[in-house]
Amino acid sequence: MLHMLASWFLSALALWLVAHLIPGIYVAGFGTALIATLVIALVNGTIGLLLKVLTLPLTLLTLGLFLLVLNALLLKLSSLFVPGFGVRGFLSAMLGSVVLTLLTALLRYLAF
């Protein structure tokens, strides 16, 4: 349980840092980042899973690059559900999703 809470906190920290690094991504505060992280996880676990299965042929055809587009769309979709968390434009969403993934992995590696 403690590991799960620490992972959630580190993911929120990564999102908060991404909002400061990437123009076009806005997070009102760390509390908003905590809520947004939960919403991102829920969207990825439900709609994201379904879309990844449905677009598997396209993902295979593009050698996995379509997942970058899909992750950007899921990040943008998640921002629609959380007040105080915004993603403006597709390029910001794509760059933000890549940086968010890398930063979250780095923070989890350093912490655990």
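Taking the accessible area of the chain, probe 1.4 Å, and keeping the other protein chains in place, the carbon and sulfur fraction comes to 81%. Averaging over all projection directions, the Cα-based convex hull of the range 1-108 occupies 6.7 nm² in the image plane. Report the rotationally averaged projected area of the range 51-112 based on its alpha-carbon convex hull, in square nanometres. If I average the Cα hull's projected area over directions, I get 5.4 nm². Among the helices of the chain, those built from whole DSSP H runs whose Cα atoms reach 24 Å or more along their own axis and whose mean Kyte-Doolittle hydropathy is at least 1.0 are 2-21, 90-111.
Structure remark: mean-square fluctuation, Gaussian network model of the chain, C-alpha springs under 10 Å; the largest value among LEU21, LEU77, LEU49 belongs to LEU49.
The values are calculated or read from the model by the stated rules, or taken from the named source; none is laboratory data. Quantities reported herein were computed from a predicted structural model and do not represent experimental measurements. Accessible surface areas use protein heavy atoms only, side chains included; no ligands, DNA or RNA. Shrake-Rupley method; radii C 1.70, N 1.55, O 1.52, S 1.80 Å.
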